[in-house]
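Undergrad: Would you mind keeping the following structure in view while I ask a few things?
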Ligand code: GLA
């Protein structure tokens, strides 16, 4: 039993004197395809061995009682009269209640104890993990009979409407649909997906956490989503068939946007290139050309840093360190950006020495002690008890 599971179980018993249902919903990595989801492109995420845990039970009244074990904070509200919380974390749960009520599901009162081991703000989608754990758990205790894809969409909407981040569908999708030792190739337009086996002999997915957490992350994220839409509306004037950047080609971007604002041009160029890169990277994976795949990760980083401008000096420095290591096949910043982790593919027999060198170099440069996570790909949201 993982520590976080044990924690929610024990606290629930102690505080509420009953045995709860416990749901585990993982964080995610994304191998390639960043900032493509809300542009209706492709992504290649996987659920990992770090997760949010929600221990839950129904109540007789309409009270919602929440307890965040890691923060030792509680929050109480009601189904009939809830609001945003200044504490932040309750919003990920309440946003789900809000969505369920909007589709006329009869949510009743409930108790929930929450814990998890997804590092917060590290780009591994701790918030999506909590949203997905919540919707899965509420679906179970109130017998709503929701399908998994419906839960994905509702959890995404919860984040868009209640939390206020215009995120795409990747994180919630990866958390709910993840499968052990597989990455998910998702077409964010049609929502068709396939599981691609990802068990590379002698290679590990390693995350180098810059430990930088920029408050810019959500505001700048929304700026990027609107810059992409702006680009689309300009392209549409000439090519009305282009509904999203997924439908645009590099030629269209060059033709219609190179004389517009440089920001818009760069953002759109990156997105179109990234979609193409992902498709080629999947071919590399199918052909066992993992070194080519790794090179594409570096190209993605370059694009995220120079064109999409969502990196930061600390992440760029980590990338410069990974490039010096022949035991690292590829690396790039991961997730929304402005801090968080670098994802890399590292040869197992050199892992220890590489981690030591990069940690040291990072400390010397920034005086920040970085965390390093060696991740396993695990199953998506499930009941553990
Ligand atoms: C965040 C969002 C996702 C996705 C990534 C960037 O994790 O929640 O929807 O847009 O950033 O790829």
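Undergrad: Given the criterion surrounded by fewer than 20 Cβ atoms within 10 Å (Cβ to Cβ), assigned to a helix (DSSP H, G or I) and modelled with pLDDT of 95 or more, identify the matching residue among 194, 241, 230.
TA: Residue meeting the stated conditions: 230.
Undergrad: What residue, among those in the range 197-213 that are closer than 18 Å to residue 332 by Cβ and not in a strand (DSSP E or B), is nearest to the chain's Cα centre (by Cα)?
TA: Across the range 197-213, the extreme among qualifying residues is 198.
Undergrad: Regarding residue 178, is this residue surrounded by 19 or more Cβ atoms within 10 Å (Cβ to Cβ) and out of contact with any helix residue (DSSP H, G or I) (no Cβ under 9 Å at 6 or more places or on another chain)?
TA: yes
Undergrad: Please work out if residue 93 is in contact with a helix residue (DSSP H, G or I) (Cβ under 7 Å, 6 or more places away or on another chain) and away from the ligand (no atom under 16 Å from the Cβ).
TA: Yes, satisfied.
Undergrad: Using the structure shown, decide if residue 29 is under 21 Å from the mean Cα position of the chain (by Cα) and surrounded by 15 or more Cβ atoms within 10 Å (Cβ to Cβ).
TA: So residue 29 passes the test.
Undergrad: So residue 266 passes all but one of these: (1) more than 16 Å from the ligand (Cβ to nearest atom); (2) in a strand (DSSP E or B). Which condition number does it fail?
TA: Every listed condition holds for residue 266 apart from (2).
Undergrad: For the range 41-50, give me the residue count where each residue is within 14 Å of the ligand (Cβ to nearest atom) and in a strand (DSSP E or B).
TA: Residues meeting the conditions: 6.
Undergrad: Right, next: Restricting to the range 303-330, name every residue that is touching a strand residue (DSSP E or B) at 6+ places or on another chain (Cβ under 8 Å) and within 16 Å of the ligand (Cβ to nearest atom).
TA: Residues satisfying the conditions are 304, 305, 310, 311, 312, 315.
Undergrad: Still on this model: Is the range 15-24 home to any residue that is within 16 Å of the ligand (Cβ to nearest atom), touching a helix residue (DSSP H, G or I) at 6+ places or on another chain (Cβ under 9 Å) and part of a strand (DSSP E or B)?
TA: Within the range 15-24, none of the residues are within 16 Å of the ligand (Cβ to nearest atom), touching a helix residue (DSSP H, G or I) at 6+ places or on another chain (Cβ under 9 Å) and part of a strand (DSSP E or B).
Undergrad: If we only count strands (runs of 3 or more DSSP E) wholly inside the range 303-385, which ones have 3 or more residues that are on the phi < 0 side of the Ramachandran plot, touching a residue at least 40 places away in the same chain (Cβ under 8 Å) and surrounded by fewer than 21 Cβ atoms within 10 Å (Cβ to Cβ)?
TA: It comes to 371-375.
Undergrad: Would you pick out the residues in the range 28-40 that are more than 10 Å from the ligand (Cβ to nearest atom) and more than 14 Å from residue 183 (Cβ to Cβ)?
TA: Passing the criteria: only 40.
The values are calculated or read from the model by the stated rules, or taken from the named source; none is laboratory data. Just so we're clear, the structure is a prediction, and the values are computed from it rather than from any experiment. A quick note on method: Cβ atoms are made from the backbone with ideal geometry, for glycine too, and the neighbour counts reach across all protein chains shown.
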